[in-house]
1. Quick one: work out the % antiparallel among DSSP beta bridges in region 155-278, nearest 5.
2. Where does helix 146-157 land angle-wise versus the long Cα axis of the chain, in degrees 0 to 90, nearest 10?
3. Would you please give the FRET efficiency between residue 104 and residue 197, computed as 1/(1 + (r/R0)^6) with r the Cβ-Cβ distance and R0 = 35 Å, to the nearest 0.05?
4. Could you check what % of the DSSP bridge pairs in the chain are antiparallel, to the nearest 5?
5. Taking every DSSP beta bridge with both residues inside region 92-198, roughly what % is antiparallel (nearest 5)?
6. Relative to the first principal axis of the alpha-carbon coordinates of the chain, what is the inclination of helix 67-76, with its axis defined by its Cα atoms, in degrees from 0 to 90 and to the nearest 10?
7. Rounded to the nearest Å, what's the spacing between the alpha carbon centres of region 208-234 and region 131-157? Just the number, please.
8. With the dipole of the chain worked out from charges on the C-beta (+1 for Lys and Arg, -1 for Asp and Glu) around the Cα centre, which of 59, 162, 260 lies farthest toward the positive end?
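What follows draws every value from the coordinates through simple rules; no lab data is involved. Just so it is clear, the structure is predicted and the values come from calculations on it, not from any experiment. Cβ sites come from the backbone with ideal geometry, for glycine too, and all protein chains shown count toward neighbours.
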Amino acid sequence: MSVDPASQAPSAHERVDVRDLRAIMLDMDGVLYRGDTAIAGARELLEFLRLRGIPSLFLTNNSSLTPQDYVTKLARMGIQTTPDRVLTSALVAVEDLRRIATPEDRIFLLGGAGIRAAMAIAGLTLADRYTDATYVLAGLDRSLTYEKLSQAGLAIQRGAKFLATNGDLSFPTERGLEPGAGALLSVIEATTGVKPKLYGKPEPEMFQQALRILGTPPELTGMVGDRYETDIVGAQRIGMTTIAVTTGVSGEDALRAANPPPDHIFSSVLELRAALDA
């Protein structure tokens, strides 16, 4: 009988040396790149993992792009991967919605190409009008309008269940921090008084799905992230080895002061690569 690796996660684990890890999960925004610019050491780290035969998986709360879009984006930075190595919050949310929705359900959607493509593949039906919606699914939507926000809120007030890809209030770009899905959700929450069910980090569903893909135990799987409250906290909850880099949202002082702090803190993935090869 197969066992879900996440189900074996201990409540606490001894600090595992990064050189003993069997697999690596990596956040992308703030870890491998900012906007369209690769962070120093990103290519070198991934090439090192490939040569050493250490499986890796890219995890992102950003639901606006498809896995193929991320493959193309990474390729422009000299980083090669395949769509099956990219897990987005859109994929995790839609997989759960596919499982619980009936053929009669209609979904009112706020989101970009990534979540729309995932819904099409899953065979889910969009609501033409908010009055038809039985679910509202929200993610990062760069074409958001006041009318779309209003209709989402009205659908929820009529009884539609409220789901969202993630609650990130911001994400790092070359220009600085820009509004994330959570910033948009806050408007709907304030209007309706209803909080959505979330799927992205730090919620367990994304990490559990990633562990099933990798097939490795949590404590021997490293999660590399830049945001403490999502990447690190979520991985800690299921017993993974946590690796923080300071090239994104959370600074070194805040990471070291956190309770509990990450298992490992590095200035960048370049320093992490050196530690793996020490």
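1. On the way: 4 of 13 bridges.
That works out to approximately 30 percent antiparallel.
2. That helix lies at roughly 80 degrees to the long axis.
3. On the way: r = 20 Å, r/R0 = 0.57.
FRET efficiency, residue 104 to residue 197: 0.95.
4. Details: 6 of 36 bridges.
Beta bridges within the chain, antiparallel portion: roughly 15 percent.
5. Working: 4 of 15 bridges.
Counting DSSP beta bridges with both partners in region 92-198, the antiparallel share is about 25 percent.
6. So the helix axis and the longest Cα principal axis differ by about 50 degrees.
7. Result: 31 Å between the Cα centres.
8. 162
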